[in-house]
Amino acid sequence: ELDKHRPIEERVTVYSIEPMEFNKKLEEIFFAPIRVGSNPAGARIYLNNNDTGLSTPATLSDQEVGKRYTIRLARQGYQDIVRSIDLSDKAGASLQERLVKVEEKTPDQIAQEKLKQEQERQKQLELERQKQAQQQPGKDTDTQKQQADKLKAQQEADKQKQAQKEKEAQAQREKEAQAQKEKEKQAGKETETGGETFVALSSNPKGADVFINGVRKGSAPGKWKVAAGSPLEITVSKSGLSTVTKVVTLRPGETRNLGTINLGGTGADSGAAGIVVVDSNPPGAMVLLNGQPQKTTPLRIKGLRPATTHTITVKKDGYETWSTSFTVGEGTKSFMANLKKL
């Protein structure tokens, strides 16, 4: 086994005390992000039928390149959306979907539809009776009178049955209205007792940018008002240092202190020389290294010689250009380009 390579396991049989040679080439595994968004936002994200705990907009990091993924977006009051994505490039993939509302019928609409169906059924029965009477003209007057009496009795019974259905439907509507009032009353009590919800954190070093669900909220240390009951993706980043992301869900009225977030380069590539990680907000911006186009963000650049100076430029249509210079040292350097709209 080797990090970021596909492991090999093979059974061997030893026939003598002589040494055996086991030499295999490991296949390198590449990873890339999948960026998922929706309109409106706040849809739950399921990856291969597994709940990711994230809501749109969000980034599914470290997905294996060369595989097909199934993504489902679910939000109450909207139709679920299922899409398949082939992750074929290390630059990653993006999915942006428009959610369609589910048409819900009120109790009154349901009752009206049932009434209309019953009226249509009665009309059809009357037509059948008239057709039968026309096909049997030889019947005497007494037989016709019996049929008329029977029809009248059937109509009266149907009328009473319909009245009973309408009475039951009205009772059901009143019951549902009362239940809704109780629910709203209970929700009001919970709001009064729950209060506002906040998340607080600091960073080491101080002054790192804080993003909540992809939106910049300010710099650490700080305290921000957030929505309760749904997952929050909190990202803390600072140019030249590592980026840390946490996902939390808060209760109404809760104030959660995430403590001090250490950005001192504790990523998986710490200790490696000549590695630079570039990301941007929004993602998908073109990266230029010393004026030479590379790929779009997020991007990892390897093989830079230590103690050399380079310039990184980040460009995206409709946004101001971002640029910085740095000197390659040991470990990994990370840059987050917060692009401003023109």
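Nothing in this text is a laboratory measurement; each read-out follows from the coordinates by a stated rule. Treat the numbers as computed from the prediction; the structure is a model and nothing was measured. Cβ coordinates were reconstructed from backbone atoms using ideal geometry, including for glycine residues, and neighbour counts include every protein chain displayed.
Take residues that are of a type in the set (A, V, I, L, M) and tell me which of the strands (runs of 3 or more DSSP E) falling wholly in region 201-311 contain 2 or more.
Working: elements: 209-212, 215-219, 222-226, 232-237, 244-248, 255-262, 275-281, 286-289, 292-296, 299-301.
The strands (runs of 3 or more DSSP E) meeting that bar are 209-212, 232-237, 244-248, 255-262, 275-281, 286-289, 299-301.
Check Q63 against each of (1) surrounded by 12 or more Cβ atoms within 10 Å (Cβ to Cβ); (2) out of contact with any Gly (no Cβ under 9 Å at 6 or more places or on another chain); (3) in a strand (DSSP E or B); (4) polar (S, T, N, Q) and name the one condition it does not meet.
Among (1) surrounded by 12 or more Cβ atoms within 10 Å (Cβ to Cβ); (2) out of contact with any Gly (no Cβ under 9 Å at 6 or more places or on another chain); (3) in a strand (DSSP E or B); (4) polar (S, T, N, Q), the lone unmet condition for Q63 is (2).
List, please: which pairs have Cβ atoms under 8 Å, are six or more places apart or on different chains, and start with a residue in region 215-231 that is under 16 Å from P205 (Cβ atoms) and end with one that is surrounded by fewer than 15 Cβ atoms within 10 Å (Cβ to Cβ) and of a type outside the set (F, W, Y)?
Close Cβ pairs (under 8 Å, with a partner that is surrounded by fewer than 15 Cβ atoms within 10 Å (Cβ to Cβ) and of a type outside the set (F, W, Y)) amount to S219/K206; S219/G207; A220/K206; A220/G207; P221/A200; P221/K206; G222/A200.
Name the single residue, out of those in region 270-328 being touching a residue at least 12 places away in the same chain (Cβ under 8 Å) and charged (D, E, K, R), that is surrounded by the fewest Cβ atoms within 10 Å (Cβ to Cβ).
By that ranking, first place goes to R305.
Applying the selection to region 312-335, what residues are of a type in the set (V, I, T), in contact with a Gly (Cβ under 8 Å, 6 or more places away or on another chain) and not in a strand (DSSP E or B)?
First pass over region 312-335, keeping only residues of a type in the set (V, I, T): 312-314, 321, 324, 327-328, 332.
Keeping just the survivors that are in contact with a Gly (Cβ under 8 Å, 6 or more places away or on another chain) gives 313, 328, 332.
Across region 312-335, the qualifying residue is only V328.
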